[in-house]
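Just so it is clear, none of the values below were taken in a lab; they were calculated from the coordinates. Remember, it's a predicted structure, so these values are computed and weren't measured experimentally. Heads up, the Cβs are rebuilt from the backbone with ideal geometry, glycines too, and the neighbour counts pull from every protein chain shown.
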Amino acid sequence: MSLGRVFRGALWLSIGVVFSNFFGFIYWLVMSKFVEVDVVGRAAAILSVEALITAFINLGIPIGVQRFMGAMYSRRDYEKLSQYYYSPMILLFILSLSADIILIVLSLMYNGLFSLDLLSIIFLCILIICGFNGWSIIGQSFFNATLKTEYTALTQISSSLIRLAVSLLLIYLGYSFIGLMMGYVVAGLTTSILMLTLPMYILTKTRTSFSFSINSIRDSLRAGVSSWIPDILTLLSQCAGVLGVYSIGGLAETGLYFIAFTITSAVMSFPQSILTLSFPTISGMHDGRKRAMYRAVKISASLIAPIAFFLILYSSILPKFLGEAYTGASEPIRLLTLGYLISPINAGYTYYAYAIGNYSHVLAIGLAGTIPRLLLYPLLINLYGDIGAAVTFSLGNITTLLMVIILARKMNYNLQFKEYLKIIMIPSALSVLLKFFEAYWVIGLMILSVSYFIYAKLRIITKEDLREIGESIASRQFLEKLYPYLRPILSLIY
C-alpha cells in the first residue's frame, strides 16, 4: 500500500471536512443574526429528518461499495469500476424518488407529518431528491476508492460557499425561511452535479462508458448492510445526545456540546481520514493486508496522540477563539478527545474485517459501540448534562475496543498493543510535565511536537514512512533539492 497516496488523500479529505465545518459554523452564526429563532428551529428540524431518512434509504451502500471500487481500481478494471459507480447510484436515486412519493402521500393523508407543515415537507422532498445526503455520496465513495479526494474537498468547499451566498441574498430580499432552505437546496444540487460529473469525467478519460450491473448492486447491498444498522444506531445515538442535552440542559448547554463535538471531530479528521482511505486501498490487495493496515494504524495513532493530549491539556484554547461564551465547551472537548485515543485500533480492525469480507465482525463492532451509547445517554445526560453526553460517547469507544479484542483474536489479527501503548505513553509523559509546570499553550504545543521526533528516534516512524509522507505533500524533485538541508536533522534522528 502506498502510504504517500493515502496520506495525500487523507490531507485533502480533512481539508474538506475542516472547511466544511468552518463554513457551516459561519453560516449558522450569520443566519442567526438575520432570522428568527423559530425559523432556525424549523430549518434544523427539516435537516434532521432529511438526514435520518437518507441514512435509512442509503442502506450502507456508500461505505460498502468502496470495498469493490478500491479492488477494481487497483486491478485497473475500469469497466467494473464504472458498474460499481453507476449501478448503486441509480438504485439510491430510485429509492430517494420512492421516499419522496411516500412522504407526499403521507403528508396529504395526515396533517403535520413529522410535525412539519406542507412547505417544510416540500423542502424536505426537494433535499432528498437532489441528493443532499443521499445518492450523490456514491461520488465521494468513488473518490475515496481512487484516492482523488481533492475533488471531494473542492465540492465541499464550493457547496458551503454557495449555500452562504444564496441564503444571504434571499434573506436580504426578505425571504427568511425560504432563503435559509434554498441555500441548502442549491448547495445540495451543486454537490450532486459535481459528484455526478467529475467521476464521469475521470471514467471517460479511461475510455469507459456507462455500465450497469445487478451483481454490483447485490455486492454493494450485501457489504453495506453490515455497516448500515450500526450507522443508523450511531445517528440515533448522536441525535439522542444532542436532543437529550437540549431537553434537560437547554439551548445554551446544547450549543456547547455541539461546538465541542464539532471542534473535536474537525481536529481529529486528518488522522481518521488515513484509516478511511486505507480501507478501499487494502481491499484491492491480495497479500499483506494485515501489515498494510497496521502501518496505517501506526501512522494514524502517531498523529492523533500528541494532538489529543494537547486538546486534553488546553481544551479551552479553541473555544476561546469563538468567544468567551464558548469556554464552557472545554470539558466536553477533553472527554470526547479521550475516546479518540483508542479510535485508530477500532477503525483499523473494522476496516480490515470489511476489506476481507467479514461483514459479521463489522456488524458486531458497530453494535458494540452504539447500543451502550443509546442505553447510557438518558441516564448520564440526566445526571451530568453535556458532560454526561461526552462521557457516554467516549465509553462507546471503550466497549467497541473490547469487541475488537475478542474478534481480532479469532482472526489471528495482532493489534500490536505494546507498540500502541508506546505511542500513547510518549505524549502522555510530556503532558504530565507540562501540567506540573503549568506551561503556556504555545510552549505546550512545541513540547508535545517533540513526540514526533521521539517516534522517529524509536523507529515507530521510519525513514520510508517519512519519504512517502513527504512525496504526498511535495514533488520528488523538490524533496531531492531539499534533502541536503534536511540531511543533518535526519542523521541526528536516525
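Worth pointing out:
- Summing Cβ point charges (Lys, Arg +1; Asp, Glu -1) relative to the Cα centre of the stretch 220-447 gives a dipole of roughly 900 debye.
- Three-way shape label, the stretch 220-447, alpha-carbon gyration tensor, a/c 1.5: oblate
- The Cα atoms of the stretch 138-235 define a convex hull whose projected area, averaged across directions, is 8.5 nm².
- Taking packing as the residue-averaged number of other Cβ atoms within 10 angstrom, the listed peptides 331-339, 98-106, 410-418 run from highest to lowest as 331-339, 98-106, 410-418.
- Dividing the mean sequence gap of close Cα pairs (under 8 Å, 6+ apart) by how many residues the chain holds gives a relative contact order of 20 percent.
- Loop trypsin sites (Lys or Arg not before Pro), the stretch 41-86, which have at most 10 other Cβ atoms in a 10 Å radius of their Cβ (DSSP): R76
- Straight-line reach from K422: taking Cα to Cα under 19 Å and skipping same-chain neighbours fewer than 8 places apart, the lysines in range are K298, K457, K463.
- Projecting the Cα atoms of A439, L402, L486 onto the charge dipole of the stretch 388-494 (Cβ charges, centred on the Cα centre) puts L402 farthest toward the positive pole.
- Farthest toward positive dipole pole in the stretch 45-107 [+1 Lys/Arg, -1 Asp/Glu at C-beta], among I63, I102, L47: I63
- Under 5 Å from the amide H of T462 lies no amide H of any residue 5 or more positions distant or on a separate chain, with H modelled from the backbone and absent for Pro and chain starts.
- Charged-residue dipole, Cβ positions (Lys, Arg, Asp, Glu), the chain about Cα centre, Debye nearest 20: 1900
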